[in-house]
Structures are given as C-alpha cells and as structure tokens.
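**Student:** Attaching a single structure in structure tokens format; questions to follow.
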Amino acid sequence: MKLLTFTTALVFLIVCLFIFNGIQLTTSPFKNGNAAQLAIIDELPAADVVKIKINHANISSRVKVGLFGNSRSVQVSSQDIGLENGGFFNFAVPGTSFRQSTIYLEQLSKMGKTPEIALVSFDNFELQYFPSPPHPSAPLRWVYVWKDVFFGVMNAPVADTLKILKRAAIIEWDSLTRLFNYELMMRRLKYASSEHIPAISGTRFLPDGSRLQEEKPSKVIIDANSFADAKPNILLDFMARDMARLSKLDARVIIYESPIHPELAIKLNQQPGVYAAKTRIRFLKACKDYNIECYSAPVLEDGSDLWVDKSHAPGSVLGAYLAQILKHEPAK
Amino acid sequence: MIFNSFEFLFLFLPAVLTGFFVFSAARYRIWLLIGASFLFYALSGIEHAIILLLQILWVFVFIRMDSFQGNRVALTFAILFPALSLIYYKYLGFLIASFLPSYAEDGSAGFSLFENIILPAGISFFTFQSVSLAIDRYRGHIREIPKFRELALYISFFPQLVAGPIVRYDQVAEAIHGISAFRIKHQDVIEALSFIIFGLTAKVLIADSLSLYIEPFKGTPGELPALSALYVLFAYSFQIYFDFYGYSLIAIGLGRLFGFHLPDNFLRPYEALNPKEFWRRWHVSLSYWIRDYLYIPLGGRDRHLRNILITFAVCGLWHGADWTFIVWGLYHAALVIGYSQVSRFWDKFPFIVQKAVNFSLVSLGWILFLFNFQEANEFLKSMFGFSVNSVGTPSLESWLFLLLSAGVCFFAHFVRYSRHFSSSVIVSHIYATFLAGLLVAVLLFVDRSQDFIYFRF
C-alpha cells in the first residue's frame with residue numbers, strides 16, 4: 001500500500017465531504033411554500049436553519065418586523081403578532097442563543113436585509129442560557145472566535161475568556177462530528193432534492209418562519225426550585241459587547257427578556273436568582289449605555305396559564321405581548 | 001471509551017500517539033502507555049480502574065516472591081483477589097439469583113451490598129491475563145520476572161484491555177522490554193492502518209448494520225415466520241462474528257502502532273469443517289487459555305468426556321453470568337463430543353457440506369446469546385414454522401445485506417490483505433484509495449455505532 005496515496009485520497013474525500021455535505025441553498029421554502037422542505041428543516045442542525053433563513057432574507061425584500069431568538073420565540077406566527085400582511089418574518093432558530101442572534105443580524109445587515117424592527121429575544125436570565133453560536137461555518141466562525149478571545153483578553157476576566165474558548169471547542173467538536181454523519185448527510189440531500197419527492201404531511205415550519213408548536217400548551221406543574229441550579233453561564237462582558245454590536249445596526253433593535261410561566265415569574269420577581277439579578281443589572285446598564293430599547297421579562301398574567309413548559313410561552317401569548325411592545329414608543 | 005467513537009479516533013488515539021512518538025522521552029513511553037490505558041479505562045468508571053490497579057498490585061506483590069515458583073499456597077493467594085473480584089462483579093448476582101432466589105426477589109432482604117453492581121468492562125479478559133501470569137510464574141514458564149511497570153502495561157494495555165486477545169506475558173514481554181527503543185517502520189504503519197480500518201469496517205459497517213436489521217424481530221421471537229427466524233439466526237451469527245472480529249483486528253492494529261504483535265484471535269472460524277476445528281479458530285486466545293490452564297490440569301484426554309463438559313461449561317460461564325451461557329457451553333461440548341463420535345462419517349462429506357452444517361450448528365448456539373430460555377424456545381418454534389402469529393418479514397435490503405455479510409465473511413481475507421501487499425504499483429494505489437474510502441465510510445456511521453458485544457464479557 002502507498003501511504004502517500006492513502007493520505008491524499010483521505011484528504012481529498014474529507015474535503016469533498018466538507019464541501020458537499022453542507023446545506024444546499026437554492027430557493028427558499030419560506031418563499032415558495034415547499035411543504036417537504038419546510039418539514040425537513042426541523043430535522044436539520046441549528047447552523048443549517050440559520051443559513052436557510054438568511055438565504056430567505058437575501059432573496060426576499062426587507063421585512064418590517066423580524067423576530068430573533070430560539071425555541072422560546074419560534075412559535076410566534078404573523079397571526080400571533082398581528083402582522084398578517086407579510087410584514088413579519090420569524091428568524092428564530094431553535095437551539096441558539098442571543099449570541100447567535102447578534103451574528104445573524106450582523107450578517108443580514110451586511111446584505112442590507114436587516115428588518116426595520118428587529119425583536120431580539122434574550123432567554124430569561126434565570127435560565128442563564130448563553131451558548132456560543134454554531135453559525136457561520138468555519139473558517140469564518142474561527143474569525144468570530146478570534147475576535148471574542150481578543151476582546152476577552154483585553155476586557156474580560158480570564159475565566160470568562162477560557163469559558164468562551166471551551167464553548168468554541170464544543171462547537172468545533174459538534175461541527176466535526178456533524179461532518180461525519182450519514183443520517184445528517186441524507187437529511188441534507190433530502191432537503192436539497194425535496195422538490196422532487198412527495199410533500200410530507202405535518203409540516204412544522206410555516207412560510208412566515210415560525211414553527212408549529214410541537215406540544216400543545218397544557219397546565220404546567222411548577223417546581224418551587226425551578227432554575228435554582230442554574231450556573232452563571234451568561235458572560236456579562238461578552239453580553240454587553242454583543243449588545244453594543246446590535247446598537248450599531250441600521251434598524252430599530254428591541255431586546256426583550258423572554259417571559260417565563262406567570263406563576264414562576266411572580267415568585268422570581270420577588271426573589272430573583274443571584275446570577276439572574278446580576279445579569280439583569282448589567283443588561284439594563286448596557287441598554288442605557290448603547291441606547292437600546294429593552295424590556296425585562298414580563299409577567300404574562302393576562303394570558304392563559306396553559307404553557308408548553310415553564311419557559312416556553314404559547315405563540316399566541318408571546319405574540320400578543322410582542323405586539324404590545326411594537327406599539328410602544330421607544331422606551332429607552 | 002470505545003474504539004468506534006469520535007472521542008477515541010479524533011482525540012484519544014492522536015494524543016497518545018503524539019505523546020508516544022513526539023513528546024515522551026523514550027524511557028517514559030511505558031508510563032505514558034500505562035497512564036493512557038488507565039485513562040481509557042477510567043473514562044467508563046473510576047472504580048473500575050481502581051479494581052484493575054488493585055489486581056495489578058496484588059499479582060505483582062505475589063509473583064515477585066522468591067519462593068513463588070512451585071508454591072501452591074502462594075499461587076492460590078495470588079489468584080484469589082482477581083478471582084474474587086471477578087466473582088463479585090460478574091457472578092454474585094447470578095449466584096444469588098440461582099441459589100438464593102428469595103433474596104434476589106425480595107430487594108429488602110439482605111445483600112444490599114451487592115445491589116447495583118456494575119460490571120467493569122472486560123473484567124474477564126484482564127482477570128484471565130492476571131491469572132495466567134501467576135500460573136506461568138508458578139510453573140516457571142516466565143523467563144524474567146516483570147517489573148511493576150512491565151506487569152502494569154501487560155495487564156492494562158488499552159488496545160486489548162477490554163476484549164482481548166488474552167495474551168500470555170511471554171507473548172508480549174519482548175515488545176514491553178523493547179518499548180523504549182521501538183521505532184515505527186513504514187510497514188508497521190501500513191499494517192496498523194489496514195487492521196484498524198478493516199476492524200472498524202467489520203464493526204461499524206457490518207456488525208452494527210446487521211444489528212439494526214435484526215432489531216425489529218428481537219422483541220417477538222415467538223411470532224416470526226420461519227424465514228424471518230432463519231434470517232435472525234444467520235444475521236446474528238454474522239453480527240457477533242464481525243463485532244468481535246472487528247474489535248480484535250483494531251486491537252492488533254493499535255498494538256502494531258506501539259510495537260506489539262498481538263496474536264490473531266480469529267482464524268476464519270465459520271470456515272471450520274467441524275465443531276472441534278471451530279474452537280481452534282474462534283476466539284483462539286480464550287480456547288488456548290482454557291486448554292492450558294483448565295483442560296490440561298484437569299487431566300486432559302485422560303478423562304476426556306468429563307473434562308470437555310467442565311471446560312465448555314466454564315467457557316460458557318466466562319461469557320456471561322447466566323444459565324443460558326452455561327447451556328451454550330454445554331451445547332458446544334455436546335457438539336465436540338458428538339463430532340468425535342461420528343467424525344469418520346462426518347469427514348466423508350464434501351467440505352462445503354461440512355462447513356455448512358457446522359456453521360448452522362454454531363449459529364443455532366448463538367440463540368442463547370440473544371434470548372433467554374423461554375424466548376429461545378419460542379424462537380425455535382418460529383424457526384420450524386410453529387409460530388402463533390407470524391408477523392414481519394425482513395426486507396429485500398435486509399436479505400441483500402445478509403448476503404453481502406456472508407460474502408465478506410467467506411471471501412474477504414482482511415488479515416491477509418493487511419499483511420501481504422501486492423508488488424504491483426497500480427494495485428497498491430487502488431488498495432490505498434480503497435482503504436481511505438472505507439475509513440471515510442466508517443466515519444460517516446460511527447455516531448450510530450454500538451458497544452462491542454464482548455465488552456459484556
């Protein structure tokens with residue numbers, strides 16, 4: 001056997017895999033309503049879904065209102081928010097965080113497709129949810145990591161910079177294992193060729209970018225110690241930096257802290273978690289410093305107490321709240 | 001940690017190889033490998049690594065004794081701890097359930113100490129290595145008494161720690177002594193790569209795929225049409241073979257990277273012409289261990305029938321703590337004894353008939369690895385067309401994959417391909433490209449890969 005041939009063939013095959021085993025973007029299922037593709041999207045990793053939604057924005061005209069977030073906001077449809085005339089698109093991608101929304105918006109801005117009003121969900125601070133973004137793909141992702149690390153070295157505690165590096169390593173590892181994943185490869189191929197296969201019933205994503213609720217809202221049993229074990233995952237300096245980046249966009253950016261179940265919200269408003277309280281103070285300071293319109297988590301008492309779970313509001317309830325926000329004069 | 005995982009292939013192995021060849025001074029290599037082996041093992045449970053360490057320390061203390069050779073009492077003590085740890089972890093639950101069923105049924109009654117015992121992976125393998133070392137030392141078969149680090153590496157060496165082959169100290173002593181001076185050659189790399197890739201192929205692409213095809217039928221052994229039952233019988237036969245064979249090939253390949261020449265553990269066992277020959281080809285290192293440390297000490301051919309029954313029952317029990325495994329062992333004892341009675345008649349058949357009958361009989365035995373007694377009984381009824389409700393038949397794809405597996409089993413010579421290379425330049429290029437393609441194919445399926453079946457033993 002020739003070792004050189006083996007190595008060359010291996011490198012060649014892996015490069016091929018890297019090039020072709022990505023999501024193939026041609027048209028937008030959100031635009032043409034391809035039911036099969038809309039159904040498959042839910043089986044794709046978050047990074048692919050971001051790409052699909054960015055591609056949709058790129059080939060569509062600029063929307064009036066865009067909603068950014070994750071599974072806590074993806075269920076909000078244009079009907080829920082009262083913008084059924086096509087002026088709304090839900091850019092939320094399940095599994096991502098505020099950090100991903102920031103990069104997402106920057107990329108849309110570069111394309112000149114930032115929504116006129118960007119509603120950005122920040123997961124309730126009690127959750128302390130702040131993972132690193134899986135999108136964009138390498139090597140551009142590494143540039144973002146490098147910028148994070150550089151910022152961290154200059155401005156943030158060493159421990160936080162190390163956490164950023166650790167999270168980047170996790171993203172890279174996930175990305176590597178996704179590269180070698182037959183099931184995912186087939187799903188991506190299925191997505192690319194879905195125009196030629198019969199449409200699948202039970203479509204989850206809708207043309208307005210929202211996703212049908214997986215579970216029907218029901219009476220949620222609230223644990224008194226909910227979120228008590230949350231660790232301080234939100235890195236405050238990095239959060240503030242992300243907010244500063246958002247403030248530079250050519251859009252009205254509204255950041256709202258995602259609501260939690262009213263029963264919990266009442267309890268935690270009176271006695272917030274230590275990390276949540278610290279984060280909220282820094283968040284509001286950054287809002288003021290960067291002149292961003294911000295809203296702390298509301299208590300959605302007017303809505304039904306039937307929720308998906310303690311941190312996932314029904315689309316109609318959250319939509320109504322967001323519609324209210326949109327009616328407000330910018331409150332800074 | 002398992003070989004067929006991204007963590008092993010992309011992190012552990014590259015890190016150990018880099019440490020071994022680049023950063024570690026040659027004299028520290030042995031410690032690096034011991035450390036890596038313990039890390040490899042401890043990742044599945046720190047208490048398991050402690051058991052392994054205790055076994056090593058225990059055996060070391062005894063075999064270093066000047067008076068150990070020929071000292072039966074010292075030998076008894078030397079193997080006492082390894083034997084007890086094996087019994088505790090592997091057989092205690094079985095013994096309680098078999099002989100003190102009231103305790104097993106009523107969780108509140110006593111023996112709480114023995115509840116929730118998690119079997120350390122491969123404990124049977126490393127215990128047998130510890131015991132063989134003590135016995136060989138007792139018999140005076142060991143030329144040079146190993147130092148602690150040498151003994152530790154012999155027992156804990158990660159490529160063969162959890163599923164063999166079960167090597168004797170003398171088989172690897174030279175490699176251990178020469179580890180500081182080991183320089184890897186081009187030939188070593190090629191052989192190692194071939195063994196590892198073929199091993200991963202056998203496990204990830206063949207055994208794990210067969211497992212998926214069998215899965216839908218495993219839950220209803222009494223409701224299968226005869227054809228489906230036959231499918232399960234043969235598919236599982238190939239699955240268990242490729243699963244264990246794959247592990248052994250990977251172990252041999254990994255060994256080569258560190259200068260170890262681990263022995264072949266499978267010599268194309270399904271090509272055996274009769275049950276006796278099968279045991280000279282299947283899990284060779286265990287067969288020889290049992291022959292040398294049990295069958296011969298019991299008297300060997302002097303009381304052939306009794307000794308065959310005992311050794312095969314022990315062989316069955318080694319595989320698992322359940323009566324099904326003991327019956328499986330006795331079934332093979334019956335095959336071997338039966339063959340010796342009818343060998344004159346048997347041997348007259350054409351080779352292909354002998355192979356087919358032997359393969360079918362061996363495959364029939366694997367039912368006891370797959371099902372408990374009741375399920376096995378139902379399965380046999382299904383196989384002979386007496387199922388109550390016949391539901392589910394394998395797809396055409398399943399049959400084609402079974403055919404492919406059979407083709408690979410009987411016609412692909414992984415070991416020969418790995419050791420003997422064509423002198424033709426074109427063939428070498430094609431072979432190298434083929435191997436690279438196989439590796440990428442394996443990597444695409446690694447994430448759905450399962451544990452090796454023999455880890456349970």
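**Student:** Assuming a ≥ b ≥ c are the square roots of the Cα gyration tensor eigenvalues, decide whether segment B:1-95 counts as rounded (a/c under 1.5), prolate (otherwise, with a/b larger than b/c) or oblate.
**Tutor:** oblate
**Student:** Under the Cβ-under-4.7 Å rule, which cysteines of chain A stay unpaired?
**Tutor:** Within chain A, the cysteines lacking a partner Cβ under 4.7 Å are A:Cys16.
**Student:** Once you place label points 7 Å from the Cα toward the Cβ at B:Leu212 and B:Asn377, how far apart are they in nm?
**Tutor:** 3.6 nm
**Student:** Provide a whole-number value for the mean count of partner chain Cβ atoms within 10 Å of the Cβ atoms in peptide A:8-14.
**Tutor:** Across the residues of A:8-14, the mean count of other-chain Cβ atoms within 10 Å is 5.
**Student:** Mind checking the dipole of segment B:301-457: about its Cα centre, +1 per Lys or Arg Cβ, -1 per Asp or Glu Cβ, Debye to the nearest 20?
**Tutor:** 620 debye
**Student:** Kindly count the pairs of lysines across chain B whose alpha carbons are less than 29 Å apart, treating pairs on different chains or eight or more residues apart as eligible.
**Tutor:** Step by step, the pairs that qualify in chain B add up to 14.
**Student:** Would you compute the Debye intensity of chain B from its alpha-carbon atoms alone, equal scatterers and no solvent, and pass along log10 I(q)/I(0) at q = 0.07, 0.10, 0.14 Å⁻¹ to two decimals?
**Tutor:** For chain B at q = 0.07, 0.10, 0.14 Å⁻¹, log10 I(q)/I(0) is -0.38, -0.80, -1.54.
**Student:** Okay, moving on. Mind telling me which of A:Leu25, A:Leu67, A:Leu322 comes out most flexible in a GNM of chain A, alpha-carbon contacts under 10 Å?
**Tutor:** Result: A:Leu25 has the largest fluctuation of those listed.
**Student:** How high is the relative contact order of chain B, given as a whole-number percent (alpha carbon pairs under 8 Å, six or more residues apart)?
**Tutor:** About 20 percent, as a whole number.
**Student:** Which of A:Ser121, A:Met243, A:Gly319 sits closest to the plus end of the dipole of chain A, meaning its Cα is farthest towards the positive end, when Lys and Arg get +1 and Asp and Glu get -1 on the C-beta?
**Tutor:** It is A:Met243, whose Cα lies furthest towards the positive end.
**Student:** Just checking the output field for B:431-444: average partner chain Cβ neighbours within 10 Å of each residue's Cβ?
**Tutor:** 6
**Student:** Between rounded, prolate and oblate, where does segment A:31-82 land on the alpha carbon gyration tensor, with a ≥ b ≥ c its root eigenvalues, rounded for a/c under 1.5, else prolate if a/b exceeds b/c?
**Tutor:** Rounded.
**Student:** Please average, across the residues of B:4-10, the number of beta carbons from any other chain that are within 10 Å of each residue's own beta carbon, and give a whole number.
**Tutor:** Counting Cβ atoms of other protein chains within 10 Å of each residue's Cβ and averaging gives 2.
**Student:** What number, rounded to the nearest 500 deg cm²/dmol, is the helix-based mean residue ellipticity at 222 nm of chain B, given -39500 (n - 2.57) per DSSP H run of at least four residues and division by all its residues?
**Tutor:** Counting only the DSSP helices, I get -20000 deg cm²/dmol.
**Student:** I want to verify the translational diffusion coefficient of segment A:56-150 in µm²/s; compute it with Stokes-Einstein, Rh as the Kirkwood radius over Cα pairs, at 37 °C and 0.692 mPa s.
**Tutor:** 233 µm²/s
**Student:** Hey, another quick one. Once a ≥ b ≥ c are taken as the square roots of the eigenvalues of the Cα gyration tensor of segment B:304-417, is the result rounded (a/c under 1.5), prolate (a/b larger than b/c) or oblate (a/b not larger than b/c)?
**Tutor:** Judged from the Cα gyration tensor, segment B:304-417 comes out oblate (a/c at least 1.5, b/c at or above a/b).
**Student:** Quick check: the distance between the Cα centres of segment A:266-318 and segment A:64-116, to the nearest angstrom?
**Tutor:** 19 Å
**Student:** What Kirkwood hydrodynamic radius do you get for chain A when you take the inverse of the mean 1/r over all pairs of distinct Cα atoms, in Å?
**Tutor:** Evaluated over chain A, this radius sits at 20.9 Å.
**Student:** Next up: In Å and whole numbers, how far do the C-alpha atoms of the protein assembly as shown stretch along each principal axis, longest first?
**Tutor:** 100, 71, 62
**Student:** Here is a follow-up. Placing +1 at every Lys and Arg Cβ and -1 at every Asp and Glu Cβ, with all other atoms neutral, what dipole size does chain B have around its Cα centre, in debye to the nearest 20?
**Tutor:** Dipole magnitude for chain B comes out near 1480 debye.
**Student:** If you place +1 on the Cβ of every Lys and Arg, -1 on the Cβ of every Asp and Glu, and leave all else neutral, what size is the dipole of segment B:185-330 about its Cα centre, to the nearest 20 Debye?
**Tutor:** For this selection, approximately 460 debye.
**Student:** Let me ask you something else. Return one number: the angle in degrees, 0 to 90 and rounded to the nearest 10, between the long axis of the Cα atoms of helix A:46-59 and the longest principal axis of the Cα atoms of chain A.
**Tutor:** 90 degrees
**Student:** Follow-up question, since we're still on this one. Arrange B:Trp328, B:Trp31 by Cβ neighbour counts within 10 Å, fewest through most, would you?
**Tutor:** Listing B:Trp328, B:Trp31 from fewest to most nearby Cβ atoms yields B:Trp31, B:Trp328.
**Student:** Which one of B:Ala229, B:Gly259, B:Phe244 has its Cα pushed farthest toward the positive end of the charge dipole of segment B:174-322, where Lys and Arg give +1 and Asp and Glu give -1 at the Cβ?
**Tutor:** B:Gly259
**Student:** Taking segment A:228-332, which GluC sites (Glu not before Pro) meet the DSSP loop condition and have no more than 16 other C-beta atoms within 10 Å?
**Tutor:** Of the GluC sites (Glu not before Pro), the ones in loops of segment A:228-332 whose Cβ has at most 16 other Cβ atoms within 10 Å are A:Glu301.
**Student:** Show me, bin by bin at 5 Å from 0, the whole-percent P(r) of segment A:207-311 based on Cα pairs.
**Tutor:** 2, 10, 18, 19, 17, 17, 13, 4, 0
Any read-out appearing in this document is the output of simple, stated calculations on the displayed coordinates, not a laboratory observation. Treat the numbers as computed from the prediction; the structure is a model and nothing was measured. Virtual Cβ from ideal backbone geometry, glycine too; neighbours counted across all protein chains shown.
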